[in-house]
1. Find the Cα radius of gyration of the range 115-229, compare it with 2.2 N^0.38 Å by division, and give the number to two decimals.
2. Nearest 10 degrees is fine. How inclined is helix 267-286 to the longest principal axis of the chain, computing both from alpha carbons?
3. Determine the gain in length on full extension of the stretch Q114-A236; use 0.36 nm per residue of separation and subtract their C-alpha separation, reporting nm with one decimal.
4. Could you order M1, M198 so the one with the most accessible surface comes first? Probe is 1.4 Å.
5. Would you work out the relative contact order for the chain, in percent, from Cα pairs under 8 angstrom that are 6 or more residues apart?
6. Keeping all protein chains in place and using 1.4 angstrom, which order do L338, L6 fall into by accessible surface area, from largest down?
7. For the chain, give the magnitude of the charge dipole about the Cα centre (Cβ charges: +1 Lys/Arg, -1 Asp/Glu; no others), in debye to the nearest 20.
8. Rank T70, Q114, V40 by how far each Cα sits towards the positive end of the charge dipole of the range 4-125 (+1 on Lys, Arg Cβ; -1 on Asp, Glu Cβ) and give me just the farthest.
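The values are calculated or read from the model by the stated rules, or taken from the named source; none is laboratory data. Keep in mind the model is a prediction, meaning the values are calculated, not measured. Using ideal geometry, Cβ is built from the backbone for each residue, glycine included, and neighbour counts are taken over all protein chains shown. What goes into the accessible areas is simple: the full protein's heavy atoms, side chains included, and nothing from ligands, DNA or RNA. Shrake-Rupley method; radii C 1.70, N 1.55, O 1.52, S 1.80 Å.
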Amino acid sequence: MITIRLKDGKELHFENEVTLFEAAKKISNSLAKDVLVAKVDGELTDIRNNITDGTQVEFFTKADKEGLFTLRHTAAHVMAQAIQHLYPGTKFAIGPAIDDGFYYDLESDHVFSQEDFAAIEKEMAKIAKANLPIEKKILSRNEALEFFRSRNQDYKVILIQDLPEDAIISTYTQGDFTDLCRGPHVRSTGKLKVFKLMTVAGAYWRGDEHNKMLQRIYATAFFDKEELDRFLFVRAEAEKRDHRKLGKQLNLFSFHEEGPGFPFFHPKGMVIRNELIAYERELFREFGYEEIMTPIILSKKLWLQSGHWDHYKENMYFTQIDEEDYAVKPMNCPGGILYYKTNQHSYRELPKRVGEFGIVHRHELHGALHGLFRVRVFTQDDAHIFMTQDQMKDEVIKTMEMYRKLYSVFGLEYHVELSTRPENSMGSEELWEISTNALRDAVEAAGV
């Protein structure tokens, strides 16, 4: 007997192992008609998968964001199949669903442009109209490697080779197209009715600029045309207000090929920048901060001690001074700690709050650069608060009050996420536990 629990607490019992789709059908025929994907113990799971005894199951339809995500994942496969039909020999890399649609990275002798989109969309519509069933299959590692090697799909072979030895390897097939994929997917291509190809861009394989540059086609999909029209309208309005376009039109800032990712602020841009800094300095005074400034370049010894050299080196810039190694700071923290160590301090001085408009440099991949949103140098309003353990909760709450005041002026919203100790961390478990508990208590007390 297999038993599963539903979100409302009800239990379903099965004499034999069944798929999630069959479980949905037992609940109601209407759910079986509409269900697209499920969550099993909180993990998004294909409805083709078998249920496991004792798990908690939640089903999703097109009314849920999980359903739209699954549709878009399938849409990526339909787009790849259409491209395979129109441009034989294309090699496919990865094709995930993303927040506002999906994309596929591919290698092809054909250089794609928006002029190709109409033909690809027409072929996608044919595949969708055919309502091809999408079948999932589990393969052994050798079977999967042999299958994709025989089709000259080099990137799929690499992905398989990099999987752990105990990984479950699955493929999804619709008609004449088979893709390596974990899923989930909708049950047939007929679910895809409303879609649009958006842009084409370059993307390094696995985001590494030392790897081959692939072509990335971005697209989106929805369940009805009204949703697509609304998305396209909002997108068009956002493009009109693109800060990169406004920066040029208003003569605020510019970028130059002599320094990709390094913005040049013009006189009008400096007015805005200085006004923002002046406002934050008012907040410094209101919330009890003193302002400091630390050097941009510091010795390798410091970055070794802080752990940046071992954990963040690939994102840093380096230089030599007097035949010794130095690094351009990617973060302000080590300099802030050196400032604090300048003098001895009594616990009566605590909490001691210092703020810095610190200029930091971080190496970003060229393809990731995006106006002022993703740059290689920026000024970070960085604070360091030195306090006792029993002051931690109150200080975190006060810091969040400062966030609220700052962001509300600009009509911005934010959410708080609690970062816990990662596997590759520094410091003792005890100190991590104390800090994590203090942060958790503060977040709960602040009601965010």
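1. Details: Rg = 16.3 Å, N = 115, 2.2 N^0.38 = 13.4 Å.
It is 1.22.
2. 70
3. Working: separation 122, 0.36 × 122 = 43.92 nm, distance 1.64 nm.
Length gained between Q114 and A236: 42.3 nm.
4. Numbers: M1 145, M198 25 Å².
Heavy-atom accessible area, descending, gives M1, M198.
5. Computed over the chain, the figure is 10 percent.
6. On the way: L338 80, L6 25 Å².
Accessible-area ranking of L338, L6, largest first: L338, L6.
7. Details: 58 positive and 71 negative charges, 265 e Å.
So the dipole magnitude of the chain works out to roughly 1280 debye.
8. V40
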